[in-house]
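To start, the structure under review is shown below, and the notes come after it.
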Amino acid sequence: MLITIAPGALCILVFLVLPSAYLVGMAFLTNGPYGLPTLPLSLQSFRELAGFGFLGWSPGNLYTLIRSVWQTLLATALVILLAYPAAYYISTRPARWRPLMLLVIVVPSWTNQVIRSVGWMNIFAPGTPVSDFAALLGLTAPQMGLFPSQFAVIVGLVYNFLPFMVLPLYAAFERLDTEQVEAAKDLFASPVGVFRHAVFPQTLPGLMAGTVLVAIPAFGMYVVTELLGGGKATMIGNLVARQFAQASNWPLGAAGAIIMIAVTLIGLKVLRDLGRRLGGDREVVL
């Protein structure tokens, strides 16, 4: 028994527990003259993360955290709205076409995130048809483009994480009990009622799994926000990265990483409780 679990336990210890313990220890150290952590122990990094600096209090870091949560929730909601009909449509196609349709959705995710983000930068740049059409509708000023902006960041997040929602939902639709759907229709349920009472409960495990796969990496996203945001939609991942690379404040970066972990764990707990509440007696495994 020990031989079978030892490799997995060792990987968890080396790649998860020890780095997390290192970050926790670093967060409570003092920032040295060259940005490296040093003694004595201090809560200064958490004070700076809350906005307290030598010039007084500034809400910039708190805005970044709130923006990160908001953009993650918005992107996840949009991914769900797009993935549900896509997964259902694919599941209703002839069996010979389903693998090809899934491949079309998954293949873009095989490309590096930087390349995909640069592609959206070119699409949203000034003078492109998309930007010109947005200017025609009055959404942007002429020759301004849609990049960099928060809109571009949301589009990039949705584009990057859509496959991670489609695949779990497609697996759920594959196991869908159509007799329950037909029974709901026979009882004169409206389309919304059919979805609510016959489809949604059966696809809930796939929805919860997809939400975890989308929301967690989206919350800590760095590449998409750095390239498509241009400083206008900074998220907590960018804040952490800049402390280690540019600002040379490792304790503050470690404190930000701890906050990311804490928010992620809270989000998982909320999703688990929500899944239990919506799923009734069935356990939704996250």
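The values are calculated or read from the model by the stated rules, or taken from the named source; none is laboratory data. Everything numeric in this text was worked out from a predicted model, so none of it was measured. Cβ coordinates were reconstructed from backbone atoms using ideal geometry, including for glycine residues, and neighbour counts include every protein chain displayed. With ligands, DNA and RNA removed, areas are computed over all heavy atoms of the protein, side chains included. Shrake-Rupley method; radii C 1.70, N 1.55, O 1.52, S 1.80 Å.
Each of the peptides 74-82, 221-229 was scored by the mean count of other Cβ atoms within 10 Å over its residues; in descending order, highest first, they stand as 221-229, 74-82. Electrostatic tally near T92: other residues with Cβ closer than 12 Å to its Cβ, Lys and Arg +1, Asp and Glu -1, net +1.
For segment 51-157, which chymotrypsin sites (Phe, Trp or Tyr not before Pro) are both in a DSSP coil and crowded by at most 10 other Cβ atoms within 10 Å? When the chymotrypsin sites (Phe, Trp or Tyr not before Pro) of segment 51-157 are filtered for loop state and at most 10 Cβ neighbours within 10 Å, F54, W97 remain. Helix 236-245 and the longest principal axis of the C-alpha atoms of the chain enclose an angle of approximately 40°.
Basic side chains Lys and Arg get +1 at the Cβ, acidic Asp and Glu get -1 at the Cβ, and with that the dipole of the chain about its Cα centre reaches some 120 debye.
For the chain, what is the accessible area per residue in Å², given a 1.4 Å probe and the full set of protein chains?
On the way: 16560 Å² over 286 residues.
Spelled out: the 1.4 Å probe surface of the chain, per residue, equals 58 Å².
Hey, quick one: spin label on N112, modelled 7 Å out along Cα-Cβ, who in segment 158-193 has an amide N within reach, i.e. under 20 Å? Counting backbone N atoms under 20 Å from the label point, the list is 159-161. When the trypsin sites (Lys or Arg not before Pro) in segment 122-196 are filtered for DSSP coil states and for at most 16 other beta-carbon atoms within 10 Å of their beta-carbon, the remaining sites are R175.
Do any trypsin sites (Lys or Arg not before Pro) in segment 32-96 lie in a DSSP loop with no more than 15 other beta carbon atoms within 10 Å, and if so, which?
Working: sites: R47, R67, R96; in loops: R96.
Here the sparse-neighbourhood loop sites are R96.
Between the C-alpha center of segment 92-117 and that of segment 189-249 there is a gap of 19 Å.
Could you list, bin by bin from short to long, the percent of Cα-Cα pairs of segment 184-286 in 5 Å steps? Spelled out bin by bin, segment 184-286 gives 2, 12, 15, 15, 13, 11, 10, 8, 6, 4, 2, 1, 1, 0 percent. Across M121, M235, the residue with the most accessible area heads the list, and the full order at a 1.4 Å probe is M121, M235. Placing a label point 7 Å from the Cα of Q150 along the Cα-to-Cβ line, the residues of segment 52-86 whose backbone N sits under 14 Å from it are 63-75. Relative to the first principal axis of the alpha-carbon coordinates of the chain, what is the inclination of helix 250-279, with its axis defined by its Cα atoms, in degrees from 0 to 90 and to the nearest 10? The helix 250-279 is inclined about 20 degrees to the chain.
Could you check how much of the accessible area of segment 47-119 is carbon and sulfur, as a whole percent, using a 1.4 Å probe?
74 percent
Quick one: angle between helix 150-174 and the longest Cα principal axis of the chain, in degrees between 0 and 90, rounded to 10, please. Once rounded, one gets 40 degrees. What the Kirkwood sum gives for segment 191-236 is a hydrodynamic radius of 12.9 Å, with every pair of different alpha carbons counted.
Run the dipole for segment 165-215 about the Cα centre, Lys and Arg Cβ at +1, Asp and Glu Cβ at -1, nothing else charged, and hand back the magnitude in debye, nearest 20.
Details: 3 positive and 5 negative charges, 40 e Å.
In debye, rounded to 20, segment 165-215 gives about 200.
Only helices enter the 222 nm calculation for the chain: every DSSP H run of n ≥ 4 contributes -39,500 (n - 2.57), and dividing by all residues gives -21000 deg cm²/dmol, rounded to 500.
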